[in-house]
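Each remark here refers to the structure printed beneath this line.
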Amino acid sequence: MAWNEPGDNKNDQDPWGGRRGGGRQGPPDLDEAFRKLQDSLNGIFGKKRSGGGFGSGGKGGGLGIFGIGLAVLAVLWLYNAIYVVDEQEQAVILRFGKFHETVGPGLNFYFPPIDKKFQENVTRERAYTKQGQMLTEDENIVEVPLTVQYKISNLQDFVLNVDQPEVSLQHSTESALRHVAGSTTMDRILTEGREQMATEVRERLQRFLDTYKTGITVTQVNIQSAAAPREVQEAFDDVIRAREDEQREKNQAEAYANGVVPEARGQAQRIIEEANGYRDEVVSRAQGEADRFTKLVTEYRKAPDVMRERLYIDTMQEVMSQTSKVMVTGQQGQNNLLYLPLDKMVGGSRAATGASAAPSTTSGAPDLGSRVANDLQQRDMRSRESR
């Protein structure tokens, strides 16, 4: 029945442990609560209560609480001692502060606090970005942004050799970048020299890291588009435009040279060929004249009179063919004859006036020479007959 219903049962108690009708009222006794808890724990660990209240538990109660604490500590230690290493990870174990082993993937166990564990991902590529103003070889200032991609190649060196390996990576990157930029001109950094510059930075940075034994391998260095500082950007743009104008003028000059030089070479070759032809012509003519003279000498020795007269006639024909007036004298200055070759005179006048008619033929000159030669021969024959 309810605790506050009427009745004669004097022993009924209320929920607070007091008796009806004048018993103790208030919250439950803490000693009683601790005693019940201790009884429950002793029942779990197989012990029986030997006393009355909480204070009467004596030595047995203290040992029970200590055992509980030890059990909790053991569970916590076991939870921390067991760990799992993923496929992409490795773990380095230090025992008493000294390297003990490198652990691969799987379920593993170590003994803290005797052992100390360092677990890192050794396959993931990490990235570090750097940007700063660099002084170039030609004493110009340029802003060079770059990104360094790296990964951990040796976890033992990464953990033990350097206190802060990634900070060392940043310092080494800045040193390598300044060294390479200081030995490169500004034009190469801003134009086609970025790839070569990135290669040199990566090689030098890797040598620094290997010297420090950081256990870091640099996989790639990417130098982005470099630019001049904002304070001098306008002047730098003027320099770029001037460089472009220079390149354009140079290309135009090269195009002009490519057109003029071959033409000049062709003209020079033509002149050389003409000179060679003239030389061959003169030499051949001289050789022909020499051969002709040699043959004439031979014939002259055979018949001097005939050859002398023939040479005279040929000479007169050659001379008279070049003049427009011929004076023929007879014997002892008599019967003088003035011969005017009209065809030569007409042809000469046409040539003088610059008419477009065809030049006059000189076929009359040989006929004139023949007639003169025949006339002279007849006169000689007559003089010989009269004698």
Residue pairs within 6 Å by beta carbon, gap of at least six or interchain, first lying in segment 232-243 and within 13 Å of residue 187 (Cα to Cα) and not assigned by TED's automatic domain parsing to the domain that holds residue 143, second loosely packed, with under 10 Cβ neighbours inside 10 Å and among the β-branched types (Val, Ile, Thr), listed first then second, are none
Test residue 152 against the stated conditions and say whether it is crowded, with 16+ Cβ neighbours inside 10 Å and closer than 24 Å to residue 134 by Cβ. no
So residue 93 fits all but one of (1) closer than 24 Å to residue 174 by Cβ; (2) surrounded by 16 or more Cβ atoms within 10 Å (Cβ to Cβ); what number is the exception? (1)
For segment 177-186, state whether one or more residues are loosely packed, with under 15 Cβ neighbours inside 10 Å, assigned to a helix (DSSP H, G or I) and out of contact with any helix residue (DSSP H, G or I) (no Cβ under 7 Å at 6 or more places or on another chain). yes
Is at least one residue of segment 219-230 closer than 25 Å to residue 135 by Cβ, part of a helix (DSSP H, G or I), touching a Lys or Arg at 6+ places or on another chain (Cβ under 9 Å) and of a type outside the set (D, E, K, R)? no
Residue 128 - would you say it is surrounded by 16 or more Cβ atoms within 10 Å (Cβ to Cβ) and in contact with a helix residue (DSSP H, G or I) (Cβ under 7 Å, 6 or more places away or on another chain)? no
Before we move on, is residue 200 of a type in the set (Asp, Glu) and surrounded by 12 or more Cβ atoms within 10 Å (Cβ to Cβ)? yes
Only one of these conditions is not met by residue 135: (1) touching a Gly at 6+ places or on another chain (Cβ under 8 Å); (2) at pLDDT 85 or above; (3) farther than 30 Å from residue 98 by Cα; (4) of a type in the set (A, V, I, L, M). Which number is it? (2)
Residue hits (segment 145-161; farther than 12 Å from residue 99 by Cβ and either in the same structural domain as residue 88 (by TED's automatic domain parsing) or touching a Leu at 6+ places or on another chain (Cβ under 9 Å) (or both)) are 146, 148, 150
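The values are calculated or read from the model by the stated rules, or taken from the named source; none is laboratory data. Quick caveat: nothing in here was measured; it's all calculated off a predicted structure. Note: ideal-geometry Cβ built from the backbone for every residue, glycine included; neighbour counts use all protein chains shown.
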